[in-house]
Amino acid sequence: MIRINEHFLKLQASYLFSDIAKRVAAFQQAHPERSIIKLGIGDVTHALPPACVAAFHRAIDEMADDATFRGYGPEQGYPFLREKIAETDFQSRGADIAADEIFVSDGSKCDTGNIQEIFSTGARIAIPDPVYPVYLDTNVMAGRTEKNRNGRYDGIVYMEGTAENGFVPELPREPVDLIYLCYPNNPTGATIDKAGLARWVDWARDHRALILFDAAYEAFVRDDGLPKSIFEIEGAREVAIEFRSFSKTAGFTGTRCAFTVVPKSLMAWDADGKAHSVHALWQRRQSTKFNGVSYPVQQAAAAVYTAEGRTQTTALINAYLENAALIRMKMQELGYACVGGENSPYIWINGKKNSWAFFDELLEKAGVVCTPGAGFGTCGENYIRISAFNSRENVQEALARIASALAG
Ligand SMILES: *Cc1c(COP(=O)(O)O)cnc(C)c1O
């Protein structure tokens, strides 16, 4: 009799965005005449930068000719892309990262989910609350938790983000081995400064812990004082892995390209206390289970680093950041305390009531879809997340409707 992996049964039954989709569909069916503006799910809405599209086309033409055709590529990515990433995203900012420490992949969701399999099932995991659900669910699947009780799993150390700590959790007060951090944060839009991040790096060094740093939103950082990479912090090469993605940076959510940085100096230990290279383990894992990203997609991603590509992606992100500033300003004007919306496409709003109730109110009265904070964890209760990923016109229309709905 074939048995299932029963850890899957511990997962919370419904997925946040399918719940939202159901409520939106029901509302639309009941009110077919109402127009709905979606500022919920974190997906980009603007087209790929023209430089990426041109490189994509050129690479497809190469695939159409025997003389330039390419079959299986290197699992870790083509050197032309890894070198550009290392130089532009790291070395030029004073972060000592080499091209062979970059692992190109088809997504940070996959990488943040897969990385945990190279660590012990007994590793003690620290996860923020509120949080991007992938970190938690993949550890549940791996059997690192007990059952869920009242929205929390026994066996996880939850690091609470609250208004009091500005959604940057305190350092763990108990021993943990693997720490998930994400800045600029999804869902809260909060950022961390260099001194704040240095405290985490120092803590990890003192405790031989490892930080998984999700920098999916680094391109939204415009404040020079804020780090874009954890490797801008001294000592991080010994304790951190960083995840980056072209999804939000260059509109690649449907095109798929990301990368993970694993320094060669990063070690983890076996039961006998012997040190092992995490880079070697991840290399082995990827070579076995991953076939690399398609050549045309890697060429499209490399175009982000051309002069044209940089100008175009900056303009793309500026447009979203301007939306974010408008949302933040309007919600504050309406009397709501906000986090994020600066150096981030997300605005985290204290709705002063149950987050699903506020979600329903905005849907019914304004026809605007947001994301209820409770879907990201216990600490998200009474908050909603509004995303800046939409056109200027839709954001302005949504804000006008929210203003009259909440006033009336
Ligand atoms: C969007 C997002 C990513 C990127 O995921 P991809 O799989 O690369 O599209 C990673 N982390 C967080 C927190 C995100 O919101």
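The values are calculated or read from the model by the stated rules, or taken from the named source; none is laboratory data. Keep in mind that what you see is a predicted model, and the values were worked out from it rather than measured. All Cβ positions, glycine included, derive from the backbone under ideal geometry; neighbour counts span all protein chains shown.
Pairs are defined by a Cβ separation below 7 Å, a sequence spacing of at least 6 or placement on different chains, a first member in region 339-359 that is farther than 30 Å from Glu218 by Cβ, and a second member that is modelled with pLDDT of 95 or more; the pairs so defined are Lys352/Asn382; Lys353/Asn382; Asn354/Asn382; Trp356/Pro372. All of (1) hydrophobic (A, V, I, L, M, F, W, C); (2) surrounded by 14 or more Cβ atoms within 10 Å (Cβ to Cβ); (3) in contact (Cβ under 8 Å) with a residue 12 or more places away in the chain hold for Ala47 with one exception: (2). With the condition kept exactly as written, say whether any residue in region 194-215 is crowded, with 21+ Cβ neighbours inside 10 Å, farther than 26 Å from Arg144 by Cβ and touching a Gly at 6+ places or on another chain (Cβ under 9 Å). No, region 194-215 contains no residue that is crowded, with 21+ Cβ neighbours inside 10 Å, farther than 26 Å from Arg144 by Cβ and touching a Gly at 6+ places or on another chain (Cβ under 9 Å). Restricted to region 22-38, and to residues there that are outside any helix (DSSP H, G or I) and not charged (D, E, K, R), the residue that is surrounded by the most Cβ atoms within 10 Å (Cβ to Cβ) is Ile37. Specify the residue that is surrounded by the most Cβ atoms within 10 Å (Cβ to Cβ); the eligible residues are those in region 132-161 that are out of contact with any Pro (no Cβ under 8 Å at 6 or more places or on another chain) and of a type in the set (A, V, I, L, M, F, W, C). Across region 132-161, the extreme among qualifying residues is Leu136. Residues that are free of Cβ contacts under 8 Å to residues at least 40 places away in the same chain and not polar (S, T, N, Q) were ranked within region 1-14; the one that is farthest from Asn390 (Cα to Cα) is Met1. Of all the listed residues (Ala280, Ala275), the sole one being without any contact (Cβ under 8 Å) to a residue 12 or more places away in the chain, in contact with a Phe, Trp or Tyr (Cβ under 9 Å, 6 or more places away or on another chain) and not acidic (Asp, Glu) is Ala275. Check whether at least one residue in region 28-42 is touching a Phe, Trp or Tyr at 6+ places or on another chain (Cβ under 6 Å) and not assigned by TED's automatic domain parsing to the domain that holds Thr249, and report yes or no. Scanning region 28-42 turns up at least one residue that is touching a Phe, Trp or Tyr at 6+ places or on another chain (Cβ under 6 Å) and not assigned by TED's automatic domain parsing to the domain that holds Thr249.
Any residue at all in region 292-300 that is β-branched (Val, Ile, Thr), more than 23 Å from the chain's Cα centre (by Cα) and over 27 Å from Leu197 (Cα atoms)?
No, region 292-300 contains no residue that is β-branched (Val, Ile, Thr), more than 23 Å from the chain's Cα centre (by Cα) and over 27 Å from Leu197 (Cα atoms).
For region 116-125, the set of residues classified as more than 16 Å from the ligand (Cβ to nearest atom) and either touching a Pro at 6+ places or on another chain (Cβ under 7 Å) or part of a helix (DSSP H, G or I) (or both) consists of Glu117, Ile118, Arg124, listed by residue number. Going by what's in this entry, would Ser287 be described as surrounded by fewer than 19 Cβ atoms within 10 Å (Cβ to Cβ) and free of Cβ contacts under 8 Å to residues at least 60 places away in the same chain? Against the criterion (surrounded by fewer than 19 Cβ atoms within 10 Å (Cβ to Cβ) and free of Cβ contacts under 8 Å to residues at least 60 places away in the same chain), Ser287 does not qualify.
Counting the residues of region 76-115 that are under 18 Å from Ala250 (Cα atoms), charged (D, E, K, R), assigned to a helix (DSSP H, G or I) and within 11 Å of the ligand (Cβ to nearest atom) gives 1.
In the set (1) crowded, with 20+ Cβ neighbours inside 10 Å; (2) out of contact with any Lys or Arg (no Cβ under 7 Å at 6 or more places or on another chain); (3) assigned by TED's automatic domain parsing to the domain that holds Thr88, the condition left unmet by Ile327 is number (3).
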